[in-house]
2 protein chains.
Amino acid sequence: MFSGAQISLYPMADCFVGVILGALGALDPYRDRLRIETDDISTLLVGPPEVLFPAMRDLFVAAARGGKHCVLSATISRGCPGEPDHPICRSDALGGPVRPLGPRKDAAIAAVRGAALAGQPAAAQFSLYVMGTEDHMDEIYGCIDFLKQSGVYERSKHFCTKLRADAGAIFSALDEAFCRFGPGAGHVTLDVTVSANSPSAV
Amino acid sequence: MFSGAQISLYPMADCFVGVILGALGALDPYRDRLRIETDDISTLLVGPPEVLFPAMRDLFVAAARGGKHCVLSATISRGCPGEPDHPICRSDALGGPVRPLGPRKDAAIAAVRGAALAGQPAAAQFSLYVMGTEDHMDEIYGCIDFLKQSGVYERSKHFCTKLRADAGAIFSALDEAFCRFGPGAGHVTLDVTVSANSPSAV
């Protein structure tokens, strides 16, 4: 199954190019397991969820560490029928039969509660989209219910759910939402915003 | 039908707060037709497409005009079964029977080609998501085909389509993608990034 993300990093600072270039080293431990391409709008990461989410987390934390207000925006996708399969995407986190929602929620909650801390406070919001099925709202409601019990939930907003926690827990929650909700072989996407050091944060 | 957007403006400059506050006046002509709420991650705009897309365009152009690298990121949604209907969202652009793809593409192309210019060059990329149907890829391919003929298409990327044009044409293309593809009463979302003044632009 093809999986990956288009990600963009927005440091709200005159030195934004330096902040971005300075953070890119955080991707080095993952480079051999990702296909990476950059243009003027975003960087494509193609790879399995087990690599994508830790890579995005480490990039975001590296950019935020200097204290500038930084946002990571990401379009994350798996199983799009229009994308060719690719061996680099092989994953143990996807596929297999769809289990009942209850055990999936429990597994997701346990994963987020056990996630390693990154030492970087963050806020985030995201939307989960499940396509090609008529029961997509059941999966979305199941995911929201998991988030409410995960320890990272802040509030529901129109069109998305807002989180506030350590960046380690937030990226774990995004990973769990992506892998455990929607059919294992289905077309599932996330529309993600993660923010650090905002002067507006309450 | 409930419709709206969560939008964020990212000026890559030390004076990002001033750029954002200075651009907000561009929303004034639309305020009586939108519900607006802001927190530390995004601003919610609730209203019909006829108001949403011009309001986002004018806000983006106002922020970009000073020459700083600025990005507008937006999650745009209509027809989510979990959202209550609201009178402010009443629209002539949505609903009605689904017509064949051909005439819808033709109408979308004509609208973008006739869009008023904003005088601001921009690049953009977005994904169209159609939920609750098993034929969502037909609508997505139809939309990509419209974009290729609209004059704003730059290239296809994994997970999204990239545009480059005057901001007036770009926001018109986003509006057309949102209103004309997917069932009129269906759950349709866009994941949008619009960028101006990037030092990486080719």
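What follows draws every value from the coordinates through simple rules; no lab data is involved. Just so it is clear, the structure is predicted and the values come from calculations on it, not from any experiment. Glycine also receives a Cβ, built like all others from the backbone with ideal geometry; neighbour counts cover every protein chain displayed.
The table that follows gives values for the structure above.
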| item | result |
| --- | --- |
| Shortest-first distances to equivalent copies, position B:PRO100, nm, label 7 Å out along Cβ | 4.8 |
| Fluctuation leader among B:ARG164, B:ARG31, B:ARG180 - chain B, Gaussian network, Cα springs under 10 angstrom | B:ARG31 |
| Label distances, nm, B:THR38 versus same residue in remaining copies, Cβ-directed 7 Å point | 3.1 |
| Kyte-Doolittle mean at least -1.0 and Cα axial length at least 20 Å: DSSP H helices in chain B | B:49-64 |
| Residue exposure sequence - B:LEU52, B:LEU45, A:LEU59 - by fewest surrounding Cβ within 10 Å | A:LEU59, B:LEU45, B:LEU52 |
| Value at 222 nm in deg cm²/dmol, rounded to 500, when DSSP H runs of n ≥ 4 in chain B each add -39,500 (n - 2.57) | -10000 deg cm²/dmol |
| Size of electric dipole in chain A: Cβ of Lys, Arg +1 and of Asp, Glu -1, about Cα centre, debye, nearest 20 | 560 |
| Cα lying deepest toward the dipole's positive end in the protein assembly as shown, options A:VAL130, A:VAL152, B:TYR141, charges on Cβ | A:VAL152 |
| Inter-label distance for A:ARG33 and B:ASP145, nm, one decimal - labels placed 7 Å from Cα along Cα-to-Cβ | 4.0 |
| Mean separation of Cα contacts under 8 Å, 6 or more apart, over the residue count of region A:3-193: relative contact order % | 28 |
| Exposure proxy ranking, count of Cβ atoms within 10 Å, fewest first, for B:SER150, A:SER91, B:SER156 | B:SER156, A:SER91, B:SER150 |
| Estimated dipole of the protein assembly as shown in Debye, rounded to 20 [Cβ of Lys and Arg +1, of Asp and Glu -1, Cα centre] | 400 |
| Choice from A:ASP138, A:ASP39, A:ASP191 showing the highest fluctuation, given a GNM over chain A with Cα pairs closer than 10 Å | A:ASP39 |
| Label 7 Å beyond Cα on the Cβ vector: A:ASP14 copy-to-copy distances, nm | 0.4 |
| Most mobile listed residue (B:LYS157, B:LYS105, B:LYS68) in chain B, GNM with C-alpha springs under 10 Å | B:LYS157 |
| Spatially near lysine pairs across the protein assembly as shown, Cα under 25 Å, sequence gap of 8 or more or different chains | 13 |
| Net +/- balance of residues flanking A:GLY4 in space, Cβ distance below 15 Å, scoring K and R +1, D and E -1 | -2 |
| Region B:29-120 - charge dipole about Cα centre, Lys and Arg +1 at Cβ, Asp and Glu -1, debye rounded to 20 | 420 |
| q = 0.11, 0.17 Å⁻¹: log10 I(q)/I(0) that the Debye formula gives for chain B, counting C-alpha atoms only | -0.47, -1.16 |
| Residues with amide H under 5 Å from that of A:HIS187, placed H, sequence gap 5 or more | A:MET131 |
| 15 Å beta-carbon shell around B:ARG65, net charge (K/R +1, D/E -1) | 0 |
| Exposure proxy ranking, count of Cβ atoms within 10 Å, fewest first, for A:ARG90, A:ARG104 | A:ARG90, A:ARG104 |
| Taking only Cα atoms of the protein assembly as shown, radius of gyration then Dmax in Å | 19.6, 54 |
| Net +/- balance of residues flanking A:GLY186 in space, Cβ distance below 15 Å, scoring K and R +1, D and E -1 | -4 |
| Charge dipole (the protein assembly as shown, unit charges on Cβ, about Cα centre) - positive-most of A:PHE181, B:GLY66, B:SER91 | B:GLY66 |
| Extreme residue, positive dipole direction of region B:19-93, given options B:ILE20, B:THR43, B:TYR30 (C-beta unit charges) | B:ILE20 |
